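Below: one structure, written as structure tokens.
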Amino acid sequence: MRLYLNYQTKKDITTYVVYLGDIKNPINEYSCGMNTYKVNAISMVNEDGDKVFNEIIEKLSCGNDIDKQDIIKLKFTPIIGSKMDKKEKILKAIRLTKDIKSSHKGDIESILYAFASKFLTDKDLEQVKDELRVTEIGKSLIEEGERKKAIEIAKSLLDILSIEMIANKTGLTVEEVKSLKDESK
């Protein structure tokens, strides 16, 4: 599969396997017949979240950007060991992401948001959303929320106003409002 993807995309393919359990010495290579499959194994039990944060902070404060391995570690800081709780780790990782120049910034924020959604209470999740509001993913979440609200308003006006008037008032296109009208029949 990796060879096929490499051939198709003309890019190197790297497979990461993240071990979340108590696996301390995962294998990096598996041979089966004439095939050998190599992976970059990341054992979360062996990681120290505070050390990961400190190393990334050090790199960024020296004006350096982080590498792919750092990006992977930063994405998973919410689930690795640390003196901080999950909310603190997620918020710290989001704040650090703002200083990263990598094109993977949105990916990091997306995964951190997914962890926040999975592990945090509604109150704590709101704090994470507040922190994300000034990021690209935050802006996307806001736009998505605004679009859902516009659709909700448009649906409630379908039997009262013309399609053109609804489109004008909600910011949706005439075609989108027509589609909503067709769906409601």
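The values are calculated or read from the model by the stated rules, or taken from the named source; none is laboratory data. Just so it is clear, the model here is predicted, and its values are computed rather than measured. Note: ideal-geometry Cβ built from the backbone for every residue, glycine included; neighbour counts use all protein chains shown.
Filter segment 154-170 down to the residues that are within 36 Å of the chain's Cα centre (by Cα) and free of Cβ contacts under 8 Å to residues at least 24 places away in the same chain and list them by number.
Answer for segment 154-170, where residues must be within 36 Å of the chain's Cα centre (by Cα) and free of Cβ contacts under 8 Å to residues at least 24 places away in the same chain: S156, L157, I166, A167, N168, K169, T170.
So I79 ticks every box in (1) of a type outside the set (D, E, K, R); (2) loosely packed, with under 14 Cβ neighbours inside 10 Å; (3) at pLDDT below 90 but one. Which box is left unticked?
Failing condition for I79: (2).
List every residue pair whose Cβ atoms lie under 8 Å apart, where the two residues are 6 or more positions apart in sequence or sit on different chains, the first residue falls within segment 100-124 and is without any contact (Cβ under 8 Å) to a residue 60 or more places away in the chain, and the second residue, located anywhere, is among the acidic types (D, E) and surrounded by fewer than 19 Cβ atoms within 10 Å (Cβ to Cβ).
I100/D65; K101/D65; S102/D65; K105/E136; G106/E136; E109/E136; A116/D124
Any idea which of I153, I166 is surrounded by 16 or more Cβ atoms within 10 Å (Cβ to Cβ) and either among the aromatic types (F, W, Y) or in contact with a helix residue (DSSP H, G or I) (Cβ under 7 Å, 6 or more places away or on another chain) (or both)?
Criteria check complete, one pass: I166.
Looking at segment 118-143, which of its residues are out of contact with any Gly (no Cβ under 7 Å at 6 or more places or on another chain) and at pLDDT below 80?
R133, V134, T135, G138, K139, S140, L141, I142, E143
Within segment 109-124, track down each residue that is in a helix (DSSP H, G or I) and surrounded by 11 or more Cβ atoms within 10 Å (Cβ to Cβ). Walk me through it before giving the result.
The initial filter retains those residues of segment 109-124 that are in a helix (DSSP H, G or I), namely 109-119, 122-124.
Hits for segment 109-124 are E109, S110, I111, L112, Y113, A114, F115, A116, S117, K118, F119, D124.
Condition (residue is more than 30 Å from I23 (Cα to Cα), buried (at least 17 other Cβ atoms within 10 Å of the Cβ) and polar (S, T, N, Q)) applied to segment 133-142: is it met by at least one residue?
Yes - at least one qualifying residue is present in segment 133-142.
Tell me the residue from I100, I94 that is surrounded by 15 or more Cβ atoms within 10 Å (Cβ to Cβ) and touching a Ser or Thr at 6+ places or on another chain (Cβ under 8 Å), please. So that I can check it myself, show each step before the final result.
Working: I100 fails: touching a Ser or Thr at 6+ places or on another chain (Cβ under 8 Å).
Answer to the check: I94.
Taking the stated definitions as given, is K59 under 30 Å from I13 (Cβ atoms), of a type outside the set (A, V, I, L, M, F, W, C) and touching a residue at least 40 places away in the same chain (Cβ under 8 Å)? Give the derivation first.
Details: under 30 Å from I13 (Cβ atoms): yes; of a type outside the set (A, V, I, L, M, F, W, C): yes; touching a residue at least 40 places away in the same chain (Cβ under 8 Å): no.
So K59 does not fit the description; no.
List, please: which pairs have Cβ atoms under 7 Å, are six or more places apart or on different chains, and start with a residue in segment 31-53 that is more than 15 Å from Q69 (Cβ to Cβ) and end with one that is in a strand (DSSP E or B) and among the aliphatic types (A, V, I, L, M)?
As it stands, the answer is none, since no pair meets every condition given.
What about K73, is it touching a strand residue (DSSP E or B) at 6+ places or on another chain (Cβ under 9 Å), modelled with pLDDT of 80 or more and surrounded by 13 or more Cβ atoms within 10 Å (Cβ to Cβ)?
yes
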